[in-house]
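Written out below as structure tokens is the structure these notes cover.
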Amino acid sequence: MQQLWQQLLAPVLESVRYATLASYTWAEPRLLLLIPAIPLLFVVRWLLAHRRRSKLGVAFVKGQIPRDWSTLLRFLPDVVLGLSMAFALVALARPQRTDERVVQTGEGIDVLLVLDVSGSMELQDLRPNRLEAAKRVAKEFIDGRQGDRIGLVVFAGDAYSLAPLTTDYDLLRDDLEGLRLGMIPNDGTAIGTALGVATNRLRDSRSRSKVCILISDGENTAGSLDPLTAAQLAHAYGLKIYTIGLGQDGLVPYGTDETGRPRFVQTRLDETTMRQISQAGEGQFFRATDNAALRQVFRQIDKFEKSEIKQTRYRNTKDYYRIYLFWSLGFWLLWLGLKNTFLTNALED
């Protein structure tokens, strides 16, 4: 019998817990603001009754009547009525929970970011330097994709596949954040080798579109594979190549000297080769000489290469007002019962 009562009372007690009430969304949340006003109704009622009440100037007993805890029971009907009104307001506010399910249909594309991490990426014509600017904008690009598999290849004098094609964008952002200058001991700019690694990664992909985004700031100075030959090979496997040339030509800032004055070094981008690579891959070449231009380049590529992903949202909203309505009716019936007992002051009512 005791176990049966516990099973019956458990959902009732659960409904009045703070955690349960906080988990709802409310169709009419403004009605909840009226709950603190309920005690004021009883105060106003008491004040009005006190003003109308006639007073007798006769004392029937000598001294003061002794106080007893049982005198507090006369407030019980008002407490029960207040609870009934509070639960009625909760029910009228319509507590709800919404279960939303998203179903994706369509096919994403495969995107491979090929990023230069050679020593020249430390130059500061992009802020705070070329590598950090490229990392920041690449993360923004990843944030804007949905349903696409994205991978990461890094290169200097050698090239390595750092992250496989994946939709785990948190993992990609962590890999991008971990990129640093000097992480590849053999310095240089092996653009051809990097494209070869990218082709090897994407050639078995069955995606309808395979995109390679090459980001570099120099000319091919390392590796045994010619960049143009690598681009043609990549195109033969269906890769579309976008190339982004970072930085300005000429003297660019590079730290400070011993006296604290800005130091400048000479740099040059092999724009001709970068253009030829993009043409061979039926893509496009972009030049980014500052942070704003680099961000705009990624926005353009994002518009060019869109996935055909469609989302269907299913929303199922369930109301939970009934249990609070039952609470309100229960307290209301209890109040009606108490009005017919000794607890009610007939003179006031």
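The values are calculated or read from the model by the stated rules, or taken from the named source; none is laboratory data. The shown structure was predicted, so the numbers you read here are calculated from the model rather than taken from an experiment. Note that each Cβ is placed from the backbone with ideal geometry, even for glycine, and that neighbours are counted across all protein chains shown.
For the range 284-299, which positions are among the small types (Gly, Ala, Ser) and either touching a strand residue (DSSP E or B) at 6+ places or on another chain (Cβ under 7 Å) or touching a residue at least 40 places away in the same chain (Cβ under 8 Å) (or both)?
Going residue by residue through the range 284-299, those that are among the small types (Gly, Ala, Ser) are 288, 292-293.
Hit for the range 284-299 is ALA288, nothing else.
Evaluate the range 242-252: report whether one residue or more is without any contact (Cβ under 8 Å) to a residue 60 or more places away in the chain, β-branched (Val, Ile, Thr) and part of a loop (DSSP other than H, G, I, E, B).
no
Hey, any hits in the range 242-249 for a residue that's over 39 Å from the mean Cα position of the chain (by Cα) and either more than 28 Å from LEU165 (Cβ to Cβ) or modelled with pLDDT under 90 (or both)?
Step one: filter the range 242-249 for residues over 39 Å from the mean Cα position of the chain (by Cα), giving 249.
Next cut, either more than 28 Å from LEU165 (Cβ to Cβ) or modelled with pLDDT under 90 (or both) only: 249.
So far as the range 242-249 goes, yes, one or more of its residues are over 39 Å from the mean Cα position of the chain (by Cα) and either more than 28 Å from LEU165 (Cβ to Cβ) or modelled with pLDDT under 90 (or both).
Inside the range 237-276, can you point out the residues that are on the phi > 0 side of the Ramachandran plot and touching a Cys at 6+ places or on another chain (Cβ under 6 Å)?
Keep residues of the range 237-276 that are on the phi > 0 side of the Ramachandran plot, which gives 238, 247, 250, 255, 260.
Passing the criteria: none in range.
Enumerate the pairs (first residue in the range 76-87 and charged (D, E, K, R); second residue anywhere and surrounded by 20 or more Cβ atoms within 10 Å (Cβ to Cβ) and part of a helix (DSSP H, G or I)) with beta-carbon separation below 9 Å, excluding pairs fewer than 6 apart on the same chain, so at least 6 apart or on different chains.
Listed pairs, sorted by first residue: ASP78/TRP335.
Give the range 150-190 a look and list any residue that's among the β-branched types (Val, Ile, Thr), touching a helix residue (DSSP H, G or I) at 6+ places or on another chain (Cβ under 9 Å) and either over 19 Å from SER278 (Cα atoms) or at pLDDT 95 or above (or both), or say none. Give the steps one after another, and end with the answer.
Of the residues in the range 150-190, the ones among the β-branched types (Val, Ile, Thr) are 150, 153-154, 166-167, 184, 189.
Pick out the ones that are also touching a helix residue (DSSP H, G or I) at 6+ places or on another chain (Cβ under 9 Å) and you get 150, 153-154, 166, 189.
Within the range 150-190, ILE150, VAL153, VAL154, THR166 meet the criteria.
Being of a type outside the set (Val, Ile, Thr) and either buried (at least 20 other Cβ atoms within 10 Å of the Cβ) or without any contact (Cβ under 8 Å) to a residue 12 or more places away in the chain (or both) is the filter here; which residues of the range 253-277 pass it?
Looking only at the range 253-277, we keep the residues that are of a type outside the set (Val, Ile, Thr), and these are 253-255, 257-258, 260-264, 266, 268-271, 274-276.
If the condition is that a residue be of a type outside the set (Val, Ile, Thr) and either buried (at least 20 other Cβ atoms within 10 Å of the Cβ) or without any contact (Cβ under 8 Å) to a residue 12 or more places away in the chain (or both), then ASP257, GLU258, GLY260, ARG261, PRO262, ARG263, MET274 are the ones that fit.
Exactly one condition in (1) more than 30 Å from LEU334 (Cα to Cα); (2) surrounded by 20 or more Cβ atoms within 10 Å (Cβ to Cβ); (3) outside the structural domain of GLY255 (by TED's automatic domain parsing) is false for LEU81; which is it?
With respect to (1) more than 30 Å from LEU334 (Cα to Cα); (2) surrounded by 20 or more Cβ atoms within 10 Å (Cβ to Cβ); (3) outside the structural domain of GLY255 (by TED's automatic domain parsing), LEU81 is out only on (1).
If I filter the range 97-119 for residues that are assigned by TED's automatic domain parsing to the domain that holds LEU162, among the hydrophobic types (A, V, I, L, M, F, W, C), at pLDDT 70 or above and over 28 Å from the mean Cα position of the chain (by Cα), do I get at least one hit?
yes
Of all the residues that make up the range 239-252, how many are out of contact with any Asp or Glu (no Cβ under 7 Å at 6 or more places or on another chain) and crowded, with 17+ Cβ neighbours inside 10 Å?
Let us first name the residues in the range 239-252 that are out of contact with any Asp or Glu (no Cβ under 7 Å at 6 or more places or on another chain), namely 239, 241-244, 249-251.
Subsequent filtering for residues that are crowded, with 17+ Cβ neighbours inside 10 Å retains 239, 241-244.
Here the count works out to 5.
Residue by residue through the range 312-326, note down the ones that are loosely packed, with under 14 Cβ neighbours inside 10 Å and modelled with pLDDT of 85 or more. So that I can check it myself, show each step before the final result.
Going through the range 312-326, the residues loosely packed, with under 14 Cβ neighbours inside 10 Å turn out to be 312-319, 322.
Selection gives LYS318, ASP319, ARG322.
For TRP332, indicate whether it is assigned by TED's automatic domain parsing to the domain that holds MET85, at pLDDT 85 or above, surrounded by 18 or more Cβ atoms within 10 Å (Cβ to Cβ) and in a helix (DSSP H, G or I). It would help to see each step written out before you state the result.
On the way: assigned by TED's automatic domain parsing to the domain that holds MET85: yes; at pLDDT 85 or above: yes; surrounded by 18 or more Cβ atoms within 10 Å (Cβ to Cβ): no; in a helix (DSSP H, G or I): yes.
Against the criterion (assigned by TED's automatic domain parsing to the domain that holds MET85, at pLDDT 85 or above, surrounded by 18 or more Cβ atoms within 10 Å (Cβ to Cβ) and in a helix (DSSP H, G or I)), TRP332 does not qualify.
Could you check the range 118-219 for helices (runs of 4 or more DSSP H) lying wholly inside it with 2 or more residues that are touching a residue at least 60 places away in the same chain (Cβ under 8 Å)?
Details: elements: 130-143, 169-177, 191-202.
Passing ranges, in order: 130-143, 191-202.
So, LEU225, is that one part of a loop (DSSP other than H, G, I, E, B) and without any contact (Cβ under 8 Å) to a residue 60 or more places away in the chain or not? Write out each step before concluding.
Details: part of a loop (DSSP other than H, G, I, E, B): yes; without any contact (Cβ under 8 Å) to a residue 60 or more places away in the chain: yes.
Considered against the rule, which asks whether it is part of a loop (DSSP other than H, G, I, E, B) and without any contact (Cβ under 8 Å) to a residue 60 or more places away in the chain, LEU225 comes out as yes.
Would you mind stating whether GLY63 is exposed (fewer than 13 other Cβ atoms within 10 Å of the Cβ), more than 30 Å from ASP249 (Cα to Cα), among the small types (Gly, Ala, Ser) and modelled with pLDDT under 90? Please lay out each step first, then the result.
Details: exposed (fewer than 13 other Cβ atoms within 10 Å of the Cβ): yes; more than 30 Å from ASP249 (Cα to Cα): yes; among the small types (Gly, Ala, Ser): yes; modelled with pLDDT under 90: yes.
Yes, satisfied.
Do you know which of the residues in the range 143-195 that are within 20 Å of the chain's Cα centre (by Cα) and either within 22 Å of LEU225 (Cβ to Cβ) or hydrophobic (A, V, I, L, M, F, W, C) (or both) is surrounded by the most Cβ atoms within 10 Å (Cβ to Cβ)?
Here is the first cut: in the range 143-195, the residues within 20 Å of the chain's Cα centre (by Cα) are 143-150, 166-177.
With the extra rule that they be either within 22 Å of LEU225 (Cβ to Cβ) or hydrophobic (A, V, I, L, M, F, W, C) (or both), the set shrinks to 150, 171-172, 176.
Working: ILE150: 25, LEU171: 14, LEU172: 21, LEU176: 20.
Once the filter is applied, the top-ranked residue is ILE150.
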